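Inspection log for the structure reproduced underneath, given as structure tokens.
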Amino acid sequence: MRIAAHLAYENNKMLSSQVDDSGKRKSLHGHWSSRMAFILAVTGSAVGLGNIWRFPYVVGENGGGAFVLVYLACVVVIGMPVMMSEILMGRRGRRNPIATMALLGSEEGKSTRWSLVGAMGVFAGVLILSYYAVVGGWTLAYVLKSGSGAFANAGAEIVTAIRDEFLGSWITVAFYHTVFMGLTIFVVARGVERGLEQAVRFMVPALLLLMFVLLGYAIMSGYFGQGLSFLFSPDWSKLTWDTVLTAMGQAFFTLSIGMGAVMAYGAYLPEETSIPGSAAAVALSDTSIALLAGLVIFPIVFANGMDPAAGPGLVFVTLPLAFGQIPGGVFFATIFFVLLTFAAWTSAISLMEPAVAWIMERFSKSRQQAAIMVGTLIWACGFGTVLSFNVLADFKFLRGTIYDNLDHLTLNIMLPLGGLLIVFFAGWVMCRNSTADELGGAGRIYKVWRFLARIVAPVGIVFVFLKAVGLLPDFA
Ligand code: PHE
């Protein structure tokens, strides 16, 4: 439907403004394709395991409603301005994130050292993908498991046993991790474009459709009300500053911001495309899919007397369980995990792209060489996560297992820090003319963005950080 609306919009535009002020004829068809390509690429990056795998389990671990509301607030007042800043900086710099930050820094008469922000993002992408690919491997394995009918009519114990057996075998997990990483390297090595665009165009609506099928099942489960109130009625006593930091980290992660992925895609955005409009479209679809996942999963959790705080394996029990009970479940479950693997794949590609673009430019390597180098490194790092759920499950330090530490370091520290520096750069380092130029003039939306980017987002991020590490006293 969105695509049809865009088409109609572009057709009108074509009639009224095929010739612009300077009298030049514009290739409107080309622009339409690029504009859609951009929205689709960013949506493909944003919608992924973060929405369907991570969102429900962190909501479960952090007590529900209050966490969800903080997360939603973070998406609006911090996520949106950061995303708009990333896109506008990407479009202005038109290079990989490291080079873009250096270029914009010097253009604004400031330091080229801002490139370090890009470098941190590249590094964050590598670390995140090291465990993201492992979970991507889980979804891939679940395509085959669902297809084999393993979950048909299975009860909670059987489904849980299947999951535990799977995660307990490091060789199997490593195998699927390797396949998933191979698929990612393959696409990145060939260059992103076409196929990806088509895949996202089909995947997001199909994923939504299947989520609605599951929603129907969740509503019929008799526990929908309980799920709904877990998700939306806040129990503020469950909220600590550490939880708030986790909610903020989730907002960054799910929107793919704070590490330059969106900046890298913004580099290809046509001049006249509205940045606030694109950012809003992406944030809206991303958030709806996450909330929908929550609405599906929690009624199933309560209907089966499961623990919402069960951790990273949560959806790998709840969803097979639900599919096992509905007519045509084997078919639907298989399709669902295929779609989820696709969603994870398109996100994985965007996690790797900044590092690959940088290696290509910095060391004059071909795309293939860069993709293989970066991909192999990430694959090797992935073993830390592969082993976190079996052999090294009891090896804990700081935050827990290797996976727990990677997750905390990247999502709760690196992404918010990257986001802080990006939004600070766009709000304070870039001059008003530069940003207004990118955001379509100094109108009302621009003023709201600037206020959020200069004050609300930076102060909010710093405040939550300081609170979470206990550096700010409690107010009476
Ligand atoms: N947003 C993706 C998800 O929700 C993950 C991601 C994070 C992708 C950062 C790119 C950059 O699954």
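Here are a few things to note about the model shown:
- Of the helices (runs of 4 or more DSSP H) lying entirely inside the stretch 49-104, those containing at least 2 residues that are within 13 Å of the ligand (Cβ to nearest atom) are 55-61, 80-93.
- Selection from the stretch 418-449 of residues that are open to solvent by 40 Å² or more (accessible area, probe 1.4 Å) and on the phi < 0 side of the Ramachandran plot: L421, F424, W428, C431, R432, N433, D437, A442, R444, I445, K447, V448
- Yes/no for L409 being touching a residue at least 12 places away in the same chain (Cβ under 8 Å), surrounded by fewer than 20 Cβ atoms within 10 Å (Cβ to Cβ) and over 22 Å from S111 (Cβ atoms): yes
- Filtering the stretch 42-74 to residues that are among the aliphatic types (A, V, I, L, M) and within 12 Å of the chain's Cα centre (by Cα) leaves V42, A46, V47, L49, I52.
- Listed by position, the helices (runs of 4 or more DSSP H) contained in the stretch 267-385 that have at least 2 residues being farther than 24 Å from R163 by Cβ and open to solvent by 10 Å² or more (accessible area, probe 1.4 Å) are 275-303, 329-363, 367-381.
- Check on S115, free of Cβ contacts under 8 Å to residues at least 12 places away in the same chain and either hydroxyl-bearing (S, T, Y) or more than 30 Å from P327 (Cα to Cα) (or both): no
- The lone exception for L40 - which of (1) closer than 17 Å to V204 by Cα; (2) more than 15 Å from the ligand (Cβ to nearest atom); (3) open to solvent by 10 Å² or more (accessible area, probe 1.4 Å) it fails: (2)
- Residue in the stretch 130-150 that is without any contact (Cβ under 8 Å) to a residue 24 or more places away in the chain and more than 30 Å from T318 (Cβ to Cβ) present: no
- Residue that is modelled with the highest pLDDT [pool: residues in the stretch 188-233 that are surrounded by 15 or more Cβ atoms within 10 Å (Cβ to Cβ) and not in a helix (DSSP H, G or I)]: Y223
- Within the stretch 253-307, if we keep just the residues that are under 30 Å from G191 (Cβ atoms) and aromatic (F, W, Y), the residue that is farthest from the ligand (Cβ to nearest atom) turns out to be Y268.
- Residue check for M259: open to solvent by less than 20 Å² (accessible area, probe 1.4 Å), assigned to a helix (DSSP H, G or I) and under 26 Å from E86 (Cβ atoms): no
The values are calculated or read from the model by the stated rules, or taken from the named source; none is laboratory data. Nothing here was measured: the structure is a model prediction, and the numbers come from that model. Using ideal geometry, Cβ is built from the backbone for each residue, glycine included, and neighbour counts are taken over all protein chains shown. Side chains are part of the model used for accessible areas, which takes the heavy atoms of the whole protein and leaves out ligands, DNA and RNA. Shrake-Rupley method; radii C 1.70, N 1.55, O 1.52, S 1.80 Å.
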